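See structure below.
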Amino acid sequence: MIDRTMTPLLEVRNLQTHFFTDQGIIRAVNGISYDLHEGETLGIVGESGCGKSISAFSILRLIPNPPGKIVNGEVIFEGTDLLQLSDREMCAVRGNKIAMIFQEPMTSLNPVLTIGHQVMEPMVLHQKIGKKQAIQESIQLLSKVQLSEPEARMNSFPHQLSGGMRQRVMIAMGMSCKPKLIIADEPTTALDVTIQAQLLELMKGLTRDIGTALILITHNLGIVARYADRVLVMYAGRIVEKATAKKLYSSPSHPYTIGLLASVPRLDQDLKKSLSPIEGQPPDLLNLPKGCAFHPRCRYRIPKCFTQSPELEQISDNHEKACWVDVH
Amino acid sequence: MKSFIINRIAYALLILFFVTILVFSLARLLPGDPIQAAAMFNADLSNQEIVSELRARYGLDKPIYIQYVIWLKDFIQGDWGTSLGSGEDVLEMFFRRLPITLELFAGSVFWSLIIGLPLGVISAVKRNSWLDAILTTTSIFGVSIPVFWEGIILIYLFAVIFPILPPSGYVPFAESPIDNILSVILPTFVMGTHGAGLFARYVRSSLLEVLGQDYIRTARAKGLREKSILLVHAAKPAMIPVVTIIGLAWGYVVSGSFLVEYMFAIPGLGRMGVDAVFARDFPVIQATLVMVTVNILLVNLAVDLLYGYLDPRVRVRGNLGQ
Ligand SMILES: Nc1ncnc2c1ncn2[C@@H]1O[C@H](COP(=O)(O)OP(=O)(O)O)[C@@H](O)[C@H]1O
Ligand SMILES: [Mg+2]
């Protein structure tokens, strides 16, 4: 079990990442805070464009600059603030202590390098092991992620593999230094449903085996329910609700979360009726409304929502929300 | 891959065939013929009988397509005829001058790469900085500067104002290696300028595109340093589009050699070709043009092979075609 009394593995404090564009400042991540404990799985959900990827990239400082910049906050990992590290020290964390699995398996592998080369790279870089041993370990890794014929695959190029196989390679790459934390940014969104399930089971199993914490980003609440211990719901660069996965499902409290849950197809409902996406346009980050960013789409709004932006507040044990209205 | 190569070779041969027809007819379309040209300097040739006898000896009295077939057969067999001007064997002339021009080619490719690649890489890595702006302006200048103008300026600078290099002439390597190098610095630089600018432009844009790709982000997320990312992850994919312009740049090197050899009085193939045009020396003109074509086709073939080597996706497509 996860021991929440210990110091967290990762503490994100008031993280703000902005993009300075010709049209104006995009506050893609606008002051988020959360903790993550060793071995824990944290789900981050929200509609496309709400800042899930950028908040994850910010942890590893992979924000393209210009136009992006982490303008504020702390990312404390194993006691040190990653945002204060030199570039060289940061390189020693990436791929070693914290690994990342990206959303697009088709474009995230280098087309001109062999699978073997790409899987071996982090071990050779961080663990300083010889090439022979790295090859052996890579073959083992590839068989662990259930890639067929792992030895032959070492010499393949990415274009010879399907999307699902490439994502298995990405997972193997992420695991190669047995990191403390893996950030998986919509790892299965681009794949079809049966492969999604296989890969998520695989990741869950592998992270449990080596005690790795996992940040699982998705816009699929079904996935979060099944695999995450705790969940952050993001809207327009902020966290609007934070709870254990159980509580989020049994008693969702933010109108946005309620809307999201209503749009998840359930097996016990008529399909047509169950698909009720939240009304209104997703927010335009260049032009956020005053007050609560969600109020234009909110069914429960009160006058206060038009003028004042709510902060996260505890509503029960392990449950916080940022909303003026008591929906229950 | 094999069928890919065979395909390219067949294509090259077809182009070569059409070019020989074109080259042969072009030479005949120049006003006047060589006997006429010679007659202006030689009183004996005012005699009509001698003129027709000479025409018959050189085959100039036969229908033009027969002249072509005879010429092509001879040419393939290595009989390139004799120069109408000097009476020398054209094949011998060609091979005597070939090393000189090859040295110029090698020198200009050297300049193109040694200047163009670093400029492009620095521009891309320091994109949108003042340094990038300066380098980009420089490379546009390099692409657009006319060869003769650049030649004159450089001769004036480095042979007249600061007389450190010879203004013209060529010293064979065997005679004096140092003087040889000194004598080719200016001409090869002039020939390579266009290619340097072209490479800088293409390397910059290609590298910028590659650096924005998802797999570069993956490489960063693995903890690789910027230098390894450039060398291991970005260099090869960025070179793929750059390779395709080698053929284009080569065309400029070859055409530059005609102007530059003339300008710097270098006794290479370019000079031979220009002299031959002025003298209406058909056998030499034809040999020059055909060999220029062969040269450009060979370079383009090499480019195709290099492309296949760099891009594994091309390699596989070739395999499937077997
Ligand atoms: N390179 C960029 N330049 C400008 N804006 C960006 C850039 N990348 C992301 N953004 C902005 O950041 C917001 C959040 O993006 P992202 O984190 O990728 O969303 P998602 O939740 O779908 O992962 C987007 O709405 C977009 O406007
Ligand atoms: Mg995303």
Original post:
Any idea which of (1) more than 16 Å from ligand 2 (Cβ to nearest atom); (2) touching a residue at least 40 places away in the same chain (Cβ under 8 Å) is the one A:M90 doesn't satisfy?
Top reply: (2)
Original post:
Can A:M106 be described as within 9 Å of chain B (Cβ to nearest Cβ), part of a strand (DSSP E or B), out of contact with any His (no Cβ under 8 Å at 6 or more places or on another chain) and within 16 Å of ligand 2 (Cβ to nearest atom)?
Top reply: no
**OP:** Could you please give the count of residues in segment A:161-206 that are in contact (Cβ under 8 Å) with a residue 60 or more places away in the chain and within 16 Å of ligand 1 (Cβ to nearest atom)?
**Re:** 7
**OP:** Would you check if A:V45 is farther than 19 Å from A:N287 by Cα, aliphatic (A, V, I, L, M) and surrounded by 15 or more Cβ atoms within 10 Å (Cβ to Cβ)?
**Re:** yes
**OP:** Could you check, for segment A:61-71, whether at least one of its residues is among the charged types (D, E, K, R), within 16 Å of ligand 2 (Cβ to nearest atom), under 17 Å from the mean Cα position of the chain (by Cα) and closer than 18 Å to B:A221 by Cα?
**Re:** no
Original post:
Within segment B:112-159, can you find the residues that are farther than 23 Å from B:I246 by Cβ and not hydrophobic (A, V, I, L, M, F, W, C)?
Top reply: B:K126, B:R127, B:N128, B:S129, B:D132, B:T137, B:G151, B:Y156
Original post:
How many residues are surrounded by fewer than 19 Cβ atoms within 10 Å (Cβ to Cβ) and either touching a residue at least 24 places away in the same chain (Cβ under 8 Å) or within 16 Å of ligand 1 (Cβ to nearest atom) (or both) if we restrict to segment A:281-295?
Top reply: 7
Original post:
Pairs, please: C-beta under 6 Å, at least 6 apart or cross-chain, first residue at negative phi and in segment A:313-328, second surrounded by fewer than 17 Cβ atoms within 10 Å (Cβ to Cβ) and among the aromatic types (F, W, Y)?
Top reply: A:V325/A:Y300; A:V327/A:Y300
Original post:
What's the number of the condition B:W130 fails, among (1) surrounded by 12 or more Cβ atoms within 10 Å (Cβ to Cβ); (2) under 29 Å from B:R204 (Cα atoms)?
Top reply: (1)
Original post:
Of the residues that make up segment A:207-216, is at least one touching a strand residue (DSSP E or B) at 6+ places or on another chain (Cβ under 7 Å), more than 14 Å from chain B (Cβ to nearest Cβ) and within 16 Å of ligand 1 (Cβ to nearest atom)?
Top reply: yes
Original post:
Does any residue in segment A:113-135 that is assigned by TED's automatic domain parsing to the domain that holds A:E149 come within less than 8 Å, Cβ to Cβ, of a residue that is among the charged types (D, E, K, R) and exposed (fewer than 14 other Cβ atoms within 10 Å of the Cβ) six or more places away or on a different chain, and which pairs are these?
Top reply: A:M120/A:K131; A:V124/A:K131
**OP:** For segment A:234-245, state whether one or more residues are away from ligand 2 (no atom under 16 Å from the Cβ) and free of Cβ contacts under 8 Å to residues at least 60 places away in the same chain.
**Re:** no
**OP:** Looking only at segment A:114-131, decide whether some residue is hydroxyl-bearing (S, T, Y), crowded, with 20+ Cβ neighbours inside 10 Å, at the interface with chain B (Cβ under 10 Å from one of its Cβ atoms) and part of a loop (DSSP other than H, G, I, E, B).
**Re:** no
Original post:
Is one or more of the residues making up segment A:52-66 of a type in the set (K, R) and under 26 Å from A:E241 (Cβ atoms)?
Top reply: yes
Original post:
Looking at A:E78, is it touching a residue at least 60 places away in the same chain (Cβ under 8 Å) and surrounded by fewer than 18 Cβ atoms within 10 Å (Cβ to Cβ)?
Top reply: yes
Original post:
Of the numbered conditions (1) more than 14 Å from chain A (Cβ to nearest Cβ); (2) assigned to a helix (DSSP H, G or I), B:A265 satisfies every one except a single condition; which is it?
Top reply: (2)
Original post:
Can you find even one residue in segment B:62-72 that is of a type outside the set (S, T, N, Q) and not in a helix (DSSP H, G or I)?
Top reply: yes
Original post:
Can you tell me which residue in segment A:188-213 is nearest to A:S58 (Cα to Cα), limited to those that are within 16 Å of ligand 2 (Cβ to nearest atom) and touching a Pro at 6+ places or on another chain (Cβ under 8 Å)?
Top reply: A:A190
Original post:
Can you name every residue in segment A:3-39 that is over 30 Å from A:P283 (Cβ atoms), of a type in the set (S, T, N, Q) and either within 16 Å of ligand 2 (Cβ to nearest atom) or touching a residue at least 40 places away in the same chain (Cβ under 8 Å) (or both)?
Top reply: A:T7
Original post:
What helices (runs of 4 or more DSSP H) completely inside segment B:150-246 contain at least 3 residues that are free of Cβ contacts under 8 Å to residues at least 24 places away in the same chain and more than 26 Å from B:D304 (Cβ to Cβ)?
Top reply: B:177-211, B:214-221
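The values are calculated or read from the model by the stated rules, or taken from the named source; none is laboratory data. No experiment lies behind these values; they were computed from the predicted model shown. Glycine gets a Cβ as well: all are built from the backbone with ideal geometry, and neighbour counts include every protein chain shown.
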